[in-house]
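Chemist: Submitted below is the structure of interest, expressed as structure tokens.
No value in this document is a laboratory result; all are computed from the given coordinates. The shown structure was predicted, so the numbers you read here are calculated from the model rather than taken from an experiment.
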């Protein structure tokens with residue numbers, strides 16, 4: 001039932017309960033280590049705390065099993081912007097662009 005932990009973690013993220021989100025997402029990953037959504041949300045949480053290298057590590061992990069995952073590219077682009085790595089951010093935004101809006 002790892003997906004329950006992932007969904008609950010996402011809910012906690014959306015409601016600002018980031019510590020609880022991290023705990024549930026890590027629980028999910030202990031059972032399903034290739035769950036791209038959980039890795040990407042953890043990356044976002046690290047970005048929000050200013051932990052950019054850790055965020056990149058998690059987002060890269062999210063993209064490993066799911067190389068077309070637009071959300072992970074968008075989040076990674078935000079991290080690259082924060083680090084001043086604008087060319088890498090631009091490249092990631094181009095990768096996630098076609099996936100926006102269901103197109």
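Chemist: So what is the 222 nm mean residue ellipticity for the chain from helices alone, if each DSSP H run of at least 4 adds -39500 (n - 2.57) and you divide by all residues, rounding to the nearest 500 deg cm²/dmol?
Modeler: When only DSSP H runs of four or more count, the value is -23000 deg cm²/dmol.
Chemist: In the set (1) 50; (2) 45; (3) 40, which value of percent of Cα pairs over 19 Å apart was calculated from the structure you see?
Modeler: (3)
Chemist: With no solvent and one point per C-alpha, what does the Debye sum give as log10 I(q)/I(0) for the range 1-53 at q = 0.21 Å⁻¹?
Modeler: -0.63
Chemist: So what's the angle, to the nearest 10 degrees on a 0 to 90 scale, between helix 18-31 and the longest Cα principal axis of the chain?
Modeler: 80 degrees
Chemist: Relative to the longest principal axis of the C-alpha atoms of the chain, give the angle of the C-alpha long axis of helix 86-96, reported between 0 and 90° and rounded to the nearest 10°.
Modeler: Its long axis makes an angle of about 70 degrees.
Chemist: Treating the angle as unsigned and between 0 and 90°, give the value, to the nearest 10°, between the Cα long axis of helix 2-14 and the longest Cα principal axis of the chain.
Modeler: 60 degrees
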